[in-house]
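The values are calculated or read from the model by the stated rules, or taken from the named source; none is laboratory data. These numbers come from a predicted model, not from an experiment. Cβ sites come from the backbone with ideal geometry, for glycine too, and all protein chains shown count toward neighbours.
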Amino acid sequence: MPKITEHWRQDTTGHGVEGAIMDNTNNTGSITEAEGISRRNFVTGTALAGVTAGMAGGFGFNLFHPGLAFAADDESLEVRHSYCDMCNHVPKCGIDCYIKDEKIVRVESRTDGYPVTPLCAKGIASLQELYDPHRLLSPMKRTNEKGTGTPEWEQITWDEAYATIAERFNKIKAQHGADSVLFFCGDPKEPRGAMQRLATLFGSASYGTESSVCAAASWMSANMVFGQTSMGQDPGEATKSALIWSLNPAWSQPNRFKGLMNAKERGVKFVVVDPRITPTVNSLADVHLQLRPGTDGALAAGFINQLIEQDLYDKDFVENWTVGFEELKAYVSAYTPEKVEEITLVPADKLIEAARLIGSNAPNTLITSSKGGCHATNVGHFQRAVFMIPALLGSLDVAGGLTLGPGLPFDYAASTPAFQLEDVYTEQGFQDRRYDRDEFPVWARYYKMMQTVHLPEYVKDGKIRAGVLLGVNAMMWPNTPLYQEAIKNMEFTVALDYYIRPWTHDYVDMVLPAAMCYERSAALGIFGRKIYLREPVIKPLGEAREDWQIIMELGCALGYEEECFGGSVDGALEELLATTGLGVTLDDLRAAPGGYDVPGPAPEERKYASGKLRKDGQPGFNTPTGKVEFVSKVLTDLGFEGLPIYEEPLHSPFKPSEQDKGYPLVLNTGSRVPFYTHSKLRDLPWLNQFMPEPVVRLNPQDAQARGLTGGDKARVYNWQGEIEMTAEVTNMVMPGVVDIFHGWHQADVNLLTTRDFDPITGFPPFASGLCEVAKV
Amino acid sequence: MTRQAMLIDLSRCAGCCGCVVACQMQNNTRPGVTWVKVDCCEWGEYPQARRTYLPHSCMQCDAPPCVAACPTGASYQNEEGITLVNYEDCICCGQCEAACPYGARHLNQTEANWFDTETPAPYESYGVQRVDVAEKCIFCNELLAEGRQPACVINCPGGARVIGDIDDPESAIAKKIASGAKRVGETGFYYLEPADMPGSMVASKVMTVVSADEPEAEEHQKAQAGISPVVVGAAGVAVVAGAVGIGVAAKRSSDKKKAAAAEAGAGAHAGAGADKTADKKDGGDR
């Protein structure tokens, strides 16, 4: 008998049943047997008497000890490792999978030293998604008209699917050119390297991703300032202060929260910029700068002004390693704390205090966001201003600041430029054929993926006619119906997904079933100098296949058998590894289930001084001038303002256009709750229990003015659209602002967000629209 | 002696409800049943407002009223202070649920699977399916016995939860308690509260009955003037509460206590936010 069971039994025997019963029999009217009551005779009695309907009938209950999930007597359980894909495929939180009979019966945070842990609610619920009976498990093709609202699907074989796609794509390519076929990845990041490779093999410059409305604006802003993609960095041991700009990792990336709290307990000072009072603000902020959404540029200018006014910036660094300081200084001088308060509603004294706290506690780190401030009409300017703050403080590439310089040669999707055939892209002039090149020249300079926000126009103009759309979600774009219409009007589209999602898949021709994280290997997990290979933990359910496998097999069908490794994911990963030049093979990774350590040089600070940041080996940064650019040369060369200028949001309650009048509330949308990722995961009871319906949050002042109380149905509307949600009245939202979590197909907030794209990044203003709310 | 207890550092709780889901998986709870509840406390007004989330479950009372109320002896306390249920002897009469001052007991009376399928999913068929029993948090006693930690502790992203032996002064929990944690009544449950949190708020939230000499978080009531409390009270609000990360909230008025007692035998509230029926049933109580 295993130990655990004995433990339990010992407990039970310690408590005489009779005694307890005798003491309490009188409380239970139907029980009169003097010799004591057992569960069995009680149930029998009541069932016979028909007293307790809920208990009668089909009662074959089992007797067991509680929980017993990992009961020691169950020796058939085997633990295998995986990493999670429930949010955006980036954190790759580690999972221990408990396997019985080749099925996963429990999951748990991986605890063997794996670098990203623990799991959040979504990570645990991945188990429920895996076995969700509604998952798509077979290739399906449409048999009726698209966009009718009543799609009819017919199951097909993979062979038929590939043959159909190849025939349609190759025909469209022959008639209209390869660029008319779109290769697209939605939120999933893991398949991007494979998809970009396939696009280039096919000869299409039309490779795009969801990052053209999320994250990439931040990346390119950092690039424009100091020559490296960044989203900031969590505090290290040496960090004295941290500036969190528009991020709520406590909800959006729960795996980071513990580390941030540990930093707080070590004494790191935190300034948090957010229009809302989030758990991150509540738990971390020494100073909270609660700004009106869309005014980040003014706040950043004011922050920089204070660093200069209070003489807190690193003069030596600024003098030697930056350009444009005097112009920046002159520009921000107008952004006094008082003026900033007028614009942003952040009290002047708080801004002064925040700048002092960060400026006098170096080294400091910056943590910024893939959205938040990014989703306003002048993100291309103000997100740069935000990245200038650690530069001004000399916190670039120092211990405790923002680390720069090459790590392992993988990108955010654990792929490499060489694997993605970017040399072919360049040599064959794909760049010059891009549809987005003239509209978004700055974007096009930084990314070999297109800015997709003008998809409706490209389809209308006949530029895009077909596409493979992996994880596509029409609701991710502002004014969603235009994108649904565009997808519908494409001649042939195939989606890859875990589910059939009506709001997007009603408009496509074919949907292929993708395998979940537990069922697939690629992409690799890259953490610092460590590489993890995820092996499939179980065989894919039904006919689901790994997305890398689907992409490679599709490549074979399109005629690129050799370049797509005969459809082999292992083959693709082996090639990917070869392109890194690290000399690491799949066998090496398989031999290191606890992660493969790639030896490297000892960490070095201030590599800009030693010439280790630039490819040419010269001191400096990877910018056109080789310096940190307070005035961007890329922008001025392309005809834009080079300073990080502030512009009032296009739709502003402070400067309303005729159209804006009547919609006084700022519409702030698009942030994460801990239970969902965008439109995903709402099918899962373990997650949906917390937030079963769409919610609009508003301040008591605004609610009262509209006769709304919590729980009321509310109509949220503007000149473009209207949705109905349940009102939550809370002081977590500032007056004059409504906060809406996106992704509800029954209340798609992007019916209200507008197609006013920032000219530098192409990003839509998800966080600075206007609306009105009324009680239903 | 060993006295197992739990501490939650509320500053480290973001209301993500990872504990709720980890518990539901680990303990094979039925749809609509949760042993962990996550409540929400909000105080102050713009620009000084604050919120914290408040996870709570069985407090592991020193002298558990549920054990005293149990007519069959199914409920008992082990030598480490953990109150357990011997399901073999439980008759699901509801006496324990009515007796619990923390709303921590749940009557599991529906034999169903999470997706309403006839066949249980692998994670549901693993372990044993129980029904028609009273349930509660047992500190994942079987994991403790293996020298491991409860599912809610292992899977808490904030590291908010600490479990351990408070009789051992070297234990992590004993040290955390010494840093200023407040004990909930005479129980094995402690909270580290944010500095500016109104003092009576935790008690007013976790208890189903607030005694006359325990004022109901006045600051909270004042701060929320004109606002429907975020706490589950009416069906609609329950939805909203869920929206911001609340699995469920405790029933806390004395009216509810009576209602719960009255309905106990018929299986009053399953307790979970997932149980929409239960939420509706509670609607209008406030």
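Summary table
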{"quantity": "The stretch A:430-443: number of residues that are surrounded by fewer than 22 Cβ atoms within 10 Å (Cβ to Cβ) and either in contact with a Ser or Thr (Cβ under 6 Å, 6 or more places away or on another chain) or not basic (Lys, Arg) (or both)", "calculated": "5"}
{"quantity": "Condition met for A:PRO191 (out of contact with any Cys (no Cβ under 7 Å at 6 or more places or on another chain), crowded, with 24+ Cβ neighbours inside 10 Å and not hydrophobic (A, V, I, L, M, F, W, C))", "calculated": "no"}
{"quantity": "Given (1) assigned to a loop (DSSP other than H, G, I, E, B); (2) at pLDDT 95 or above; (3) under 15 Å from the mean Cα position of the chain (by Cα), number of the condition B:GLU170 does not satisfy", "calculated": "(3)"}
{"quantity": "Any pair with Cβ under 8 angstrom, 6 or more apart, that starts in the stretch B:182-204 at a residue that is at pLDDT 95 or above and ends at one that is among the polar types (S, T, N, Q) and assigned to a loop (DSSP other than H, G, I, E, B)", "calculated": "B:THR187/B:GLN60; B:GLY188/B:GLN60; B:PHE189/B:GLN60; B:LEU192/B:SER179"}
{"quantity": "Subset of the stretch A:364-382 (residues that are closer than 19 Å to A:VAL323 by Cβ and in contact with a Ser or Thr (Cβ under 6 Å, 6 or more places away or on another chain))", "calculated": "A:GLY380"}
{"quantity": "Residue among A:VAL468, A:VAL472 that is outside any loop (DSSP other than H, G, I, E, B) and buried (at least 24 other Cβ atoms within 10 Å of the Cβ)", "calculated": "A:VAL468"}
{"quantity": "Which numbered condition A:THR278 misses (of (1) over 27 Å from A:PHE741 (Cβ atoms); (2) buried (at least 24 other Cβ atoms within 10 Å of the Cβ); (3) within 14 Å of chain B (Cβ to nearest Cβ))", "calculated": "(1)"}
{"quantity": "Any chance A:ALA514 is closer than 11 Å to A:PHE184 by Cβ and either modelled with pLDDT of 95 or more or within 19 Å of the chain's Cα centre (by Cα) (or both)", "calculated": "no"}
{"quantity": "Residues (at positive phi, out of contact with any Cys (no Cβ under 8 Å at 6 or more places or on another chain) and crowded, with 18+ Cβ neighbours inside 10 Å) located in the stretch A:543-597", "calculated": "A:PHE565, A:GLY595"}
{"quantity": "Residue list for the stretch A:543-572, restricted to those being among the acidic types (Asp, Glu), in contact with a helix residue (DSSP H, G or I) (Cβ under 6 Å, 6 or more places away or on another chain) and in a loop (DSSP other than H, G, I, E, B)", "calculated": "A:GLU546, A:GLU563"}
{"quantity": "Residue check, B:ALA134 without any contact (Cβ under 8 Å) to a residue 12 or more places away in the chain, surrounded by 19 or more Cβ atoms within 10 Å (Cβ to Cβ) and not hydroxyl-bearing (Ser, Thr, Tyr)", "calculated": "no"}
{"quantity": "Members of the stretch A:378-415 found to be buried (at least 24 other Cβ atoms within 10 Å of the Cβ) and of a type in the set (Ser, Thr, Tyr), listed by number", "calculated": "A:SER395, A:SER415"}
{"quantity": "Candidate set: the stretch A:112-169, residues that are among the β-branched types (Val, Ile, Thr) and farther than 13 Å from A:ILE95 by Cα; chosen: the one nearest to the other protein chains (Cβ to nearest Cβ)", "calculated": "A:THR150"}
{"quantity": "Of all residues making up the stretch B:108-143, the number that are under 23 Å from B:GLY188 (Cβ atoms) and either at the interface with another protein chain (Cβ under 9 Å from one of its Cβ atoms) or more than 22 Å from the chain's Cα centre (by Cα) (or both)", "calculated": "7"}
{"quantity": "Answer residue from the stretch A:138-155, given it is touching a Ser or Thr at 6+ places or on another chain (Cβ under 8 Å) and either among the acidic types (Asp, Glu) or free of Cβ contacts under 8 Å to residues at least 40 places away in the same chain (or both) and is nearest to A:ASP547 (Cα to Cα) among those", "calculated": "A:GLN155"}
{"quantity": "All positions within the stretch A:527-542 that are in a strand (DSSP E or B) and surrounded by 22 or more Cβ atoms within 10 Å (Cβ to Cβ)", "calculated": "A:ILE531, A:TYR532"}
{"quantity": "Total residues in the stretch A:322-354, condition among the aliphatic types (A, V, I, L, M), surrounded by 18 or more Cβ atoms within 10 Å (Cβ to Cβ) and either more than 33 Å from the chain's Cα centre (by Cα) or part of a loop (DSSP other than H, G, I, E, B) (or both)", "calculated": "3"}
{"quantity": "Subset of the stretch A:597-653 (residues that are in a loop (DSSP other than H, G, I, E, B) and among the aromatic types (Phe, Trp, Tyr))", "calculated": "A:PHE621, A:PHE630, A:PHE640, A:TYR646"}
{"quantity": "Helices (runs of 4 or more DSSP H) lying entirely in the stretch B:1-104 (those with 1 or more residues that are more than 26 Å from A:ASP96 (Cα to Cα) and more than 7 Å from chain A (Cβ to nearest Cβ))", "calculated": "B:65-69, B:95-99"}
{"quantity": "Failed criterion for A:ASP96 (all others in (1) of a type outside the set (Lys, Arg); (2) within 30 Å of A:ALA215 (Cβ to Cβ); (3) within 13 Å of another protein chain (Cβ to nearest Cβ); (4) crowded, with 23+ Cβ neighbours inside 10 Å hold)", "calculated": "(4)"}
{"quantity": "Strands (runs of 3 or more DSSP E) enclosed by the stretch A:667-747 - at least 1 residues per element that are surrounded by 24 or more Cβ atoms within 10 Å (Cβ to Cβ), within 11 Å of chain B (Cβ to nearest Cβ) and under 22 Å from the mean Cα position of the chain (by Cα)", "calculated": "A:695-698, A:737-740"}
{"quantity": "Residue in the stretch A:416-429 that is under 21 Å from the mean Cα position of the chain (by Cα), in a loop (DSSP other than H, G, I, E, B) and buried (at least 23 other Cβ atoms within 10 Å of the Cβ) present", "calculated": "no"}
{"quantity": "Within the stretch B:144-194, considering residues that are of a type in the set (A, V, I, L, M, F, W, C), more than 13 Å from chain A (Cβ to nearest Cβ) and touching a Pro at 6+ places or on another chain (Cβ under 9 Å), the one nearest to B:MET25 (Cα to Cα)", "calculated": "B:ILE163"}
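Residue by residue, here is whether (1) crowded, with 23+ Cβ neighbours inside 10 Å; (2) within 17 Å of the chain's Cα centre (by Cα); (3) within 30 Å of B:THR117 (Cβ to Cβ) holds:
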position: B:ASP39; (1), (2), (3): yes, yes, no
position: B:TRP43; (1), (2), (3): no, no, no
position: B:HIS56; (1), (2), (3): yes, yes, no
position: B:MET59; (1), (2), (3): yes, yes, no
position: B:CYS66; (1), (2), (3): yes, yes, no
position: B:THR72; (1), (2), (3): yes, no, no
position: B:GLU80; (1), (2), (3): no, no, no
position: B:ASP89; (1), (2), (3): yes, no, no
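Residue-by-condition table, conditions (1) in contact with an Asp or Glu (Cβ under 9 Å, 6 or more places away or on another chain); (2) among the charged types (D, E, K, R):
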{"residue": "A:LYS539", "(1), (2)": "yes, yes"}
{"residue": "A:PHE565", "(1), (2)": "yes, no"}
{"residue": "A:ASP588", "(1), (2)": "no, yes"}
{"residue": "A:PRO599", "(1), (2)": "no, no"}
{"residue": "A:ALA602", "(1), (2)": "no, no"}
{"residue": "A:LYS615", "(1), (2)": "no, yes"}
{"residue": "A:PRO619", "(1), (2)": "no, no"}
{"residue": "A:VAL631", "(1), (2)": "yes, no"}
{"residue": "A:THR636", "(1), (2)": "no, no"}
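Table: residues versus (1) hydroxyl-bearing (Ser, Thr, Tyr); (2) within 19 Å of B:MET59 (Cβ to Cβ).
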{"position": "B:THR2", "(1), (2)": "yes, yes"}
{"position": "B:ASP9", "(1), (2)": "no, yes"}
{"position": "B:TRP35", "(1), (2)": "no, yes"}
{"position": "B:GLN48", "(1), (2)": "no, no"}
